[in-house]
Amino acid sequence: MKAIVKAERKPGVTVVDWEQPVSQDDPVIKIEAAAICGTDIHIYDWVGYDFMQVPIVMGHEACGTVVSRGNSSLVPGQKVVIDSVITCGLCHYCRTGFENLCTNRKTLGLNVNGVFAEYVCLPSRSLIPLPETVGFEEGSCLEPLGVALRAIENSRIKPGDSVAIVGPGPLGLLTLMLCKQSGVRSAIVIGTRADTYRLNAAKQWGADRILVAEDGECAAVVREYTGGLGADAVFEWSGSRTGLRMACELARPGGQVISGAIYAADVSIDMTRLVRAEITLSTSRSRVYSTWIRAIHLVSNRVIDINPVITHRFPVADAVKAFATVAEKQALKAVIEFA
Ligand SMILES: [Zn+2]
Ligand SMILES: [Zn+2]
């Protein structure tokens, strides 16, 4: 079968013939659509992922159909979304509803072979059945939707609040969609000059203002939008030092900064300002099972339409081109088709 593999400890990816997985115990899934994530781009660029063992099949965002059920109660032909994390189900965190913090977690495409392949074999608890009303492409983007949704769950936003979103990648834009759906009164999205394409998408999706960080007016504009106060909540998805520092500046006294980003290096922030302004700094990691179910309901009931986030489609043979397009920030979600 064809698979997209990180074969060498240097920038790049390759499409190779990989041995098809078989198991008597675990279900085998035919991958119908898989999406490229920012993490995949870091691995493609080979920045910050030296701990990985290669060769490895990449990818952790995918949707497919059950081919064989193994010992599970799944039905062949059933549409499923794949949980990007294999959890142990036994540790303290798994047993207390915080499986995103599982002490034995393994991430697909990072610690174990991932989903950028024609077939995968995974434990049944990594597979979540989808209603037929959710398309394969939509299904492949439920993983990042769940990540954005978990950040909302970890926030205190209420209808009528003002929010700022730093980092207009897919997670920032999905957060924008969810905030608008949650009744915020204003949402300002901030990116860099390199993000022009994505900031324009933010505008189309209902951002009240889009701001370019290099223009240097972000704090003033956010204050102007919020009666001189600052944002009630700031979501930080840039993963950059300047992004996190800016997020802390944009929050109003008593407000909240929520970061779900991964930072390549340590970041120092003005902690004293946060203390004096009683600003809460919160974090958010992947999502829990209940978030998955909520994300599936939002899409299957058409409460939100995530299709605009899927801007590019590539057959697996063009995977290298797909990675280059996303790495150049000229796409939101690029979906790989394995058919
Ligand atoms: Zn991802
Ligand atoms: Zn666990």
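The values are calculated or read from the model by the stated rules, or taken from the named source; none is laboratory data. Because the structure is a prediction, the values reported are computed rather than measured. Positions of Cβ are generated from backbone atoms using ideal geometry, with glycine treated the same way; all protein chains shown enter the neighbour counts. The accessibility values were calculated without ligands, DNA or RNA, using every heavy atom of the protein model including side chains. Shrake-Rupley method; radii C 1.70, N 1.55, O 1.52, S 1.80 Å.
How many residues does region 322-339 contain that are open to solvent by 60 Å² or more (accessible area, probe 1.4 Å) and at pLDDT 95 or above?
Going through region 322-339 one residue at a time, the tally reaches 0.
With respect to the conditions (1) open to solvent by 40 Å² or more (accessible area, probe 1.4 Å); (2) away from ligand 2 (no atom under 16 Å from the Cβ); (3) more than 30 Å from Thr242 (Cα to Cα), Leu74 lacks only one, and its number is (1). Among the helices (runs of 4 or more DSSP H) confined to region 80-154, the ones with at least 2 residues that are buried (at least 21 other Cβ atoms within 10 Å of the Cβ), within 16 Å of ligand 1 (Cβ to nearest atom) and hydrophobic (A, V, I, L, M, F, W, C) are located at 142-153. The residues in region 233-264 that are open to solvent by less than 10 Å² (accessible area, probe 1.4 Å) and among the aromatic types (Phe, Trp, Tyr) can be counted, and the count is 1. Regarding Asp195, is this residue buried (at least 22 other Cβ atoms within 10 Å of the Cβ), out of contact with any Phe, Trp or Tyr (no Cβ under 7 Å at 6 or more places or on another chain), part of a helix (DSSP H, G or I) and in contact (Cβ under 8 Å) with a residue 40 or more places away in the chain? Criteria met by Asp195. In the condition set (1) open to solvent by 50 Å² or more (accessible area, probe 1.4 Å); (2) farther than 29 Å from Gly183 by Cβ; (3) of a type outside the set (D, E, K, R); (4) touching a residue at least 12 places away in the same chain (Cβ under 8 Å), Met271 is compliant with all but (4).
Of Asp50, Asp26, all but one fail to be more than 16 Å from ligand 1 (Cβ to nearest atom), assigned to a loop (DSSP other than H, G, I, E, B) and without any contact (Cβ under 8 Å) to a residue 60 or more places away in the chain; the exception is Asp50.
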